[in-house]
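Novice: One structure is given below, represented as structure tokens, and several questions about it will come after.
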Amino acid sequence: MSDTATQGENKQGEASGQQGDEAATDQQAQGVEATGEAGQEASGKQKPGKGGKVRLNKDIEIFPGTPMPHLDHGPVKAYAAKNRKDQACVALVCRRDYVPQIQKAEKYYGIVNQSAPSLLDHGVISWVDGVEYYCFVYLEIFGQPLATYVDGVGLGWSQEHAMKAFIEPMVNVLLDMRDLDMVHGNIRITNMYDGGTDPVERVVMGDCLTMPTSAGQPVQCETPIRAMADPLGRGLATQANDIYAFGVVLAQLMRKRDPLAGLSEDEIIEEKLINGSYAALTGKDRFSGSVLELLRGVLQDDINQRWTIDDIEFWLEGQRLTPKQSSLVKDKAARPVEFNERKYLRPVILAKDLHKNPEELSRIVDNGELKQWIHRSLEDKALEERVENAVTISREQGNSSGHASFMATRLAVALSPGFPLMYNNVSVLPEGMGPAMIHAYLNNQDLTPYINLINQGLASFWVNMMSDSSIDVSYLISRFDSCKGFLMNKNNAYGLERVFYYLMPETHCLSDKLENHFVTSPEHLLYAYEDMAANKNMPERFFDRHIIAFLHVNDSKIIENSIADLNAEERFRNYTGVIKILAEIQKRGKLRKLKNLSAHLVDHAAPEAIKRFHDRDFRDSLARELERIKNDGDLVKIRDLLDNAQDIQRDYNGFRNAYKSYAALRKEYRQLEHRLRTRGNFGKGTGREIAAVVSGAIAAVLVLAMAFVRFSGGGTGF
Amino acid sequence: MATGKKKNRNKVKLGWRGQLLMITMIIAAVVFLPSTVMLTVGLLPTVVAGIIDRTREKTRSITVGCMNFTGVCPYWLDLLTLYGHSMDGAVQIITEPMNIVIMYSAAVLGYLIDWAMSGMVATVMSQRAERRLKNIEKEQKELVRRWGRGVTGDYRLDHYGFPVDDDQDDEDA
């Protein structure tokens, strides 16, 4: 009860309408005002202080020196932590190449359940290696995992024990998740805990936020189709996947031995495809009573036949439903087809293996062997049409290198709609392309297969092949058409970088410039820059293609007006664009003053931006004004000085007038120079005119004087 | 042939007013013959100046003519008042060598005024022109310092008015 009260208190405290990123922003802002903390950074995040403690926001202390490996979630490491009330907590520090589900965390706060650990807080922390990671902190109610490995697990629980300790609590959690419209996505026996009791009284569900859904699921815990995709390429899980995984765990708890022990992943998948998941997972173990119905219902491979959470609830209430035993493998040919030195009777099994030898596939396609097999041995018109379609499209794409591989990919999907796209060493479902690509990028793996899958329109092909109309995947067509367009556009904000953020908007910014920061929003970006400016390790160029694409996807309004500036050839436009964008982020986010960043901008970006003005005197006065405000931390003021429309117009007009003046002066110079060159006559004409005037004046005076004297005084002759 | 054509180009065709004036002047010259004789002889330097002056404005002729007339004027007044505007009086005046000297000396003075003024004014104007050239250079330098080398018009400018080949802005004065 005390746990419930604590959970309720935490829920009320945290789920009061704050969004995760904004909460982190506010808390970062508050962190700056906090005093007396060792190693405080400009962004507010605390560096590890004395005793190697790392703080998450104000309330949580994490101890990097105290790992808790039994609570690791796959590649995500767990560490001891405590909150302000000195309660024992667990901090799960996410890996940067696995995108955490930050937005789902806000929904998770709404779960109040003894079998779901309370999420106390989450946010960005500055780890002991100087790099930022994302972290989720739970109240420590886990205990020990039910199993430390999946292979060979069979705990032999009784039905009563399973009902009380697992089924009822888990169904409650799944119902809560259904009500909150969220999915766990990582239900497996190694991610379930005993709650610290032995025997287990009530199973506690493990973390579901630190990595993408299905990323940690081994093939046993996934449906055969999803299991064929790479863990990070499985895409979003649905509640149907959670129910399946719930069934797998139940089977593992109740069975005495693992019928799949020692088999490879490929063999496990094939076993499920041929015999069905129920038979594959339970083997020779026989279950009786109502739990048999439950297991059959939740382990249905056909999603339309699988029980929903409502069906499970009805079953718990005592209503009995009789599930059908079916497997995905409906078709079995009368005769086999030979491929890659193996004989195949089932198209779905063939589809699974086509990518292993594309050249061999081309042979049996080109010589008609495949078509004949489908037509004569399967007699499935719809299948025949799909295969024909796939072959035609492949041939239309040309005979470029990789043509055979693309055909193998298409044919696999045609043979079994919904199959992952298997190409080269990659196997992804379209929805899983985003996290898979990001993981590959961050681990310096080859991205060419993903690019080729997009450019070849294989996601659209996959959608068109989907025969199950109950699943809406039509949005994928426009999504991947957009990605294809992005790849063709080489400008900033597009390209492969845009594809990453478009397919996986939750991801942090993958730019190399931010390799030590975990930036999940434009506001975080600013704080990261502030931090870097404070430590004097700002990159030379503020933005790269990643940052631009990241901003465009996260908040296009901030950047779309400045994209032209960022793509321009003129450097002053680039830097002005950067300043405008950063100022806009600060203004819209109502962020605090960023003194280090503003000083850095004035020292490094403004001198380039100022060059847009022709008038050097004006530039000098601007530079003086910028120097005066450089430590104010107000990026908007800097922008207003550098991007003032009136000043720009005035400067341009002034330049035009100066241009005209220069031309007029040059003309005057040439004329004068020419006249001076003929020096002999220069000024002579004017001189003569003046001489004529002088002479005329003298003559007029003298003549008048003489006439006056002569006619008035009766003067004598001359 | 060319000279003839040139002469023809300079000739002004007289209208009826001009012709009337010409006739009137001829009649006046005949009626006032003594004045005509005396003025013809006395203003001979002016006629010569008019012939040798190739400028359109004929400013030298005017200069010499004004001073020449000044020299002739007193004798003409004598002819009108003392000699009763007679032919004898005219002949007497023009045959007196001293009179001719004075008349022609006045014309020489006109030549001197013309030579002196044109020389002085040409010198002053040349000096002013050279000063103006220096000022123009200064102004141009100042324009370039303030607005950049793009203002000279010697460079191809981009949309914003900056030289197209400007990798980095030049900070030249």
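The values are calculated or read from the model by the stated rules, or taken from the named source; none is laboratory data. No experiment lies behind these values; they were computed from the predicted model shown. In this analysis, Cβ positions are derived from the backbone assuming ideal geometry, glycine residues included, and neighbour counts consider all displayed protein chains. These accessible areas exclude ligands, DNA and RNA; they are computed on the full protein's heavy atoms, side chains included. Shrake-Rupley method; radii C 1.70, N 1.55, O 1.52, S 1.80 Å.
Novice: Could you please state how large a percent of the accessible area of the protein assembly as shown is carbon and sulfur, counting protein chains only and using a 1.4 Å probe?
Specialist: That fraction is 52 percent.
Novice: Compute the separation of the alpha-carbon centres of region A:51-86 and region A:455-527 and state it in Å as a whole number.
Specialist: Cα centres, region A:51-86 to region A:455-527: 33 Å.
Novice: Something else now. Set the bar at 28 Å for Cα to Cα. Now go through A:637/B:138; A:107/A:593; A:660/B:58; A:352/A:490; A:343/A:381; A:587/A:611 and name every pair that lies beyond it.
Specialist: A:637/B:138; A:107/A:593; A:660/B:58; A:352/A:490, as the Cα separations exceed 28 Å there.
Novice: Here's something else I'd like to know. Looking at chain A, do any whole DSSP H helices span at least 30 angstrom along their long axis by alpha carbon and average -1.0 or above on Kyte-Doolittle, and which?
Specialist: A:684-713
Novice: Another question, if that's okay. Accessible area per residue for chain A in Å², computed with a 1.4 Å probe and the full protein assembly in place, what is it?
Specialist: Heavy-atom accessible area per residue stands at 43 Å².
Novice: With the crude spin-label approximation of a point 7 Å out along Cα→Cβ, what separation in nm comes out for residue A:285 versus residue B:19?
Specialist: 14.1
Novice: Find the percent of Cα-Cα distances in region A:209-273 that exceed 14 Å, and round it to a whole number.
Specialist: Cα-Cα pairs in region A:209-273 separated by more than 14 Å: 58 percent.
Novice: Among B:24, B:152, B:63, which one shows the highest mean-square fluctuation when chain B is modelled as a Gaussian network with alpha-carbon springs under 10 Å?
Specialist: The residue that fluctuates most here is B:152.
Novice: Let me cross-check residue A:98: its accessible surface, 1.4 Å probe, with only protein heavy atoms counted, in Å² to the nearest 10?
Specialist: Looks like 30 Å² after rounding.
Novice: Quick one: putting +1 on the C-beta of Lys and Arg, -1 on the C-beta of Asp and Glu, what dipole do you get for the protein assembly as shown around its Cα centre, in Debye to the nearest 20?
Specialist: With Lys and Arg at +1 and Asp and Glu at -1, about 6080 debye.
Novice: Below 8 Å between Cα atoms, with a sequence gap of 6+, how large is the relative contact order for region A:395-464 in percent?
Specialist: Values: 49 pairs, mean separation 18.5, N = 70.
RCO, region A:395-464: 26 percent.
Novice: Which whole-number percent gives the relative contact order of region A:518-604, counting Cα pairs below 8 Å spaced six or more residues apart?
Specialist: For region A:518-604, the relative contact order is 36 percent.
Novice: Still on this model: Might you report the magnitude of the Cβ-based charge dipole of region A:108-206 about its Cα centre, with Lys and Arg at +1 and Asp and Glu at -1, to the nearest 20 debye?
Specialist: Around 200 debye, computed over region A:108-206.
Novice: How large are Rg and Dmax for region A:525-614 when calculated on the C-alpha trace, in angstrom?
Specialist: Looking at region A:525-614, its Cα Rg and Dmax stand at 12.5, 36 Å.
Novice: Say R0 is 60 Å: what FRET efficiency, to the nearest 0.05, do residue A:372 and residue A:256 get from their beta-carbon distance?
Specialist: 0.80
Novice: For chain B, what is the charge dipole size about the Cα centre, in debye to the nearest 20, if Lys and Arg each add +1 at the Cβ and Asp and Glu each add -1 at the Cβ?
Specialist: The dipole of chain B has a size of about 1100 debye.
Novice: Shifting gears a bit: Along the principal axes of its C-alpha atoms, what lengths does region A:419-549 span, in descending order and rounded to whole Å?
Specialist: In descending order, the Cα extents are 57, 28, 23 Å.
Novice: Which loop-located chymotrypsin sites (Phe, Trp or Tyr not before Pro) does region A:119-195 contain, where loop means any DSSP state but H, G, I, E or B and the Cβ has at most 11 other Cβ atoms within 10 Å?
Specialist: A:149
Novice: log10 I(q)/I(0), Debye, Cα-only chain A, no solvent, q = 0.05, 0.12 Å⁻¹?
Specialist: Cα-only, vacuum Debye calculation for chain A: -0.36, -1.32.
Novice: Right, here's the next one. Can you give me the Rg/Rh ratio for region A:166-253, using Cα atoms for both radii and the Kirkwood formula for Rh?
Specialist: So for region A:166-253, dividing Rg by the Kirkwood Rh gives 0.95.
Novice: At a threshold of 8 angstrom on Cα-Cα distance, excluding pairs fewer than six apart, so keeping six or more, what relative contact order does chain A reach in percent?
Specialist: 8
Novice: Label points 7 Å out from Cα along the Cβ direction at residue A:686 and residue B:157: separation in nm?
Specialist: 3.3
Novice: While we're here: How about region A:619-659: which of its residues lose at least 40 Å² of accessible area in the presence of all protein chains relative to their chain isolated, using a 1.4 Å probe?
Specialist: Buried by the other chains: A:655, A:658, A:659.
Novice: Please express the Cα-Cα pair-distance distribution P(r) of region A:71-198 as a list of whole percents, one per 10 Å bin, running from 0 to the bin with the greatest distance.
Specialist: 11, 40, 36, 12, 1, 0
Novice: Right, another one. By accessible area of protein heavy atoms, probe 1.4 Å, what ranking do B:138, A:595 get, highest first?
Specialist: Correct descending sequence by accessible area is B:138, A:595.
Novice: Using only DSSP helix segments of four residues or longer, with each worth -39500 (n - 2.57), what per-residue ellipticity at 222 nm results for chain A after dividing by its residue count and rounding to 500?
Specialist: Only helices count here, giving -14500 deg cm²/dmol.
Novice: State in Å² the accessible area per residue of chain B; use a 1.4 Å probe, count heavy atoms of protein chains only, and round to the nearest integer.
Specialist: Accessible area per residue, chain B: 65 Å².
Novice: Can you list the residues of region B:122-139 that have at least 10 square angstrom less accessible area with all protein chains present than in their chain by itself, probe 1.4 Å?
Specialist: Those are B:122, B:125, B:126, B:129, B:130, B:132, B:133, B:136, B:137, B:139, which lose 10 Å² or more relative to the chain on its own.
Novice: Quote to one decimal, in nm, the extra length available between residue A:705 and residue A:627 on full extension: 0.36 nm per residue of separation minus the C-alpha distance between them.
Specialist: 20.2 nm
Novice: For the pair residue A:395 and residue A:646, how long in nm is the line joining their label points, each one 7 Å along Cα→Cβ?
Specialist: Roughly 7.1 nm, to one decimal.
Novice: Of B:161, B:23, B:102, whose Cα points farthest to the positive end of the dipole of chain B (charges on the beta-carbon: +1 Lys, Arg; -1 Asp, Glu; origin at the Cα centre)?
Specialist: B:23
Novice: Any idea of the total accessible area buried by the A-B contact, 1.4 Å probe, rounded to 100 Å²?
Specialist: Chains A and B together bury roughly 4900 Å² of accessible area.
Novice: Could you put B:27, A:477 in order of accessible surface area, largest first, with the 1.4 Å probe and the full protein assembly present?
Specialist: Working: B:27 95, A:477 50 Å².
In descending accessible area the options line up as B:27, A:477.
Novice: At q = 0.14, 0.17, 0.24 Å⁻¹, what is the log10 ratio I(q)/I(0) for region A:578-686, with the Debye formula run over Cα points and no solvent?
Specialist: Treating every Cα as an identical point scatterer, log10 I(q)/I(0) equals -0.64, -0.81, -1.22.
Novice: Right, another one. Can you tell me the equivalent ellipsoid semi-axes for region A:135-176? Use √(5λ) from the Cα gyration tensor, largest first, whole Å.
Specialist: 21, 18, 10
Novice: Between residue A:478 and residue A:663, what FRET efficiency follows from the Cβ-Cβ distance if R0 is 60 Å, with the result rounded to 0.05?
Specialist: On the way: r = 55 Å, r/R0 = 0.92.
Rounded to the nearest 0.05, the efficiency is 0.60.
Novice: What ratio of Cα Rg to 2.2 N^0.38 Å holds for region B:56-173?
Specialist: Ratio of Cα Rg to 2.2 N^0.38 Å: 2.31.
Novice: Which loop-located GluC sites (Glu not before Pro) does region B:72-173 contain, where loop means any DSSP state but H, G, I, E or B and the Cβ has at most 14 other Cβ atoms within 10 Å? Before the final figure, lay out the partial values.
Specialist: Numbers: sites: B:130, B:137, B:139, B:142, B:171; in loops: B:171.
Loop-located and lightly packed - B:171.
Novice: Rounded to the nearest 0.05, what FRET efficiency do residue A:334 and residue A:264 have when you use their Cβ-Cβ distance and R0 = 25 Å?
Specialist: It comes out at approximately 0.30.
Novice: Pick out, from A:415, A:248, A:648, the residue whose Cα sits farthest towards the positive end of the charge dipole of chain A, with +1 on the Cβ of Lys and Arg and -1 on the Cβ of Asp and Glu.
Specialist: Value: A:648.
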